[in-house]
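Participant: Starting off with a structure, shown below.
Each reported figure results from applying straightforward, stated rules to the coordinates on display, with no laboratory input. All values derive from a computational prediction rather than experimental measurement. Positions of Cβ are generated from backbone atoms using ideal geometry, with glycine treated the same way; all protein chains shown enter the neighbour counts.
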Amino acid sequence: MSGFEQTFDTVGDVVSLRLNFAIAKNRQARHNRGIVTALPNGNAFRLKYLDPDRMLPAEAGIVGAFVSQPWSNGQPWSNGLNWQPAYPTISVGAASAYDSGIVYLPNTFWGHSLTIGDHIGFFPFHFGLYTVTQVIGDGEYRIWPRLRKALTTDSFCTLSPTIVLRPKGKDVATWRRNPSNQDGVSIDCSEVIDPYVRTAFTE
């Protein structure tokens, strides 16, 4: 290596994740077993990605306690549960073309507070998990992978992106059952990019 080499990311790059399931038994164990059996047979699934290391609520511009809330009359839902708190979504600051590696966000909530390593996504009707790789300027970010779909000024950005995944092959799912519970369930998955989802998969 001379030090002058450059690497390039393209729309052909895909996100890969290993999904590790929690220890389970009974109904949940059967459910996990069904997923492991079904997915390698050409199936895909949507995953709402919740980054365990995402910014704190205060860093995201949230004021006050980040706790569940009842309805305005003080009552919960019929199941006794309140509304769950969620990080705010923001509009896109400017349009970005399909296959672009640059996105623009406004100075609202966390729009100018992202840093390298933050995960973001877009909606509506946009599948993709993007990682900020460079802060170019206020609200201007380089991301990987490149955009799977063009952004318009009607698009929104979220810290909880939705990605479509499928197993990498036939032998990438593992699970075992010991006397007390099921553990060791994992699946190696790769992204199905947005345009392919709409042409190759149905509900």
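Participant: Is the shape of the stretch 88-160 best called rounded, prolate or oblate, per the rule: a/c under 1.5 gives rounded, else a/b larger than b/c gives prolate, else oblate, with a ≥ b ≥ c the square roots of the Cα gyration tensor eigenvalues? Before the final figure, lay out each step's value.
Facilitator: Values: a/c = 1.33, a/b = 1.12, b/c = 1.19.
Since a/c stays below 1.5, the shape of the stretch 88-160 is classed as rounded.
Participant: With the Cα gyration tensor of the chain giving a ≥ b ≥ c as the square roots of its eigenvalues, does the rule (a/c under 1.5 for rounded; else a/b larger than b/c for prolate; else oblate) give rounded, prolate or oblate?
Facilitator: Here the chain falls in the oblate category.
Participant: Still on this structure: Contour minus end-to-end for THR108 and ASP154, with contour as 0.36 nm per residue of separation and end-to-end as the Cα-Cα distance? Don't jump to the answer; show the numbers that get you there.
Facilitator: On the way: separation 46, 0.36 × 46 = 16.56 nm, distance 1.55 nm.
Stretched out fully, the THR108 to ASP154 stretch lengthens by 15.0 nm.
Participant: Over the stretch 88-160, what is the relative contact order in whole percent, taking alpha-carbon pairs under 8 Å and six or more residues apart?
Facilitator: This gives 43 percent for the stretch 88-160.
Participant: Can I ask one more? Using the Karplus equation 6.51 cos²θ - 1.76 cosθ + 1.60 (θ = phi - 60°), what ³J(HN,Hα) coupling, rounded to whole Hz, does each residue of the stretch 23-40 give in order, writing x for Gly and Pro?
Facilitator: Taking θ as phi minus 60°, the curve returns 4, 9, 7, 6, 4, 5, 5, 5, 4, 4, 4, x, 5, 4, 6, 7, 4, x Hz for the stretch 23-40.
Participant: Over the chain, calculate the relative contact order: mean separation of alpha carbon pairs under 8 Å at least 6 apart, over the residue count, as a percent.
Facilitator: Relative contact order for the chain comes out at 29 percent.
Participant: What are the ³J(HN,Hα) values, in whole Hz, obtained from phi via the Karplus relation 6.51 cos²θ - 1.76 cosθ + 1.60 with θ = phi - 60°, for each residue of the stretch 113-121 in sequence order, with x given for Gly and Pro?
Facilitator: 10, 5, 9, 4, x, 5, 9, 9, x
Participant: Can you list the aspartates and glutamates whose alpha carbon sits under 13 Å from that of LYS170, skipping same-chain ones fewer than 8 residues off?
Facilitator: ASP188
Participant: Here is a follow-up. Report the local net charge at GLY93: Lys and Arg +1, Asp and Glu -1, summed over other residues whose C-beta lies under 15 Å from its C-beta. Please list the in-between numbers first.
Facilitator: Values: positive: ARG142; negative: ASP138, GLU140, ASP154.
Its environment carries a net charge of -2.
Participant: Related question: Dipole of the stretch 88-160, Cα-centred, from +1 at each Lys and Arg C-beta and -1 at each Asp and Glu C-beta, to the nearest 20 debye? Provide the component values of the computation, followed by the final result.
Facilitator: Values: 4 positive and 5 negative charges, 41 e Å.
Result for the stretch 88-160 is approximately 200 debye, rounded to the nearest 20.
Participant: Tell me what the chain gives for mean residue ellipticity at 222 nm when only DSSP H runs of n ≥ 4 count, each as -39,500 (n - 2.57), the sum divided by the residue total, rounded to 500 deg cm²/dmol.
Facilitator: Calculated from helices alone, the mean residue ellipticity at 222 nm is -3000 deg cm²/dmol.
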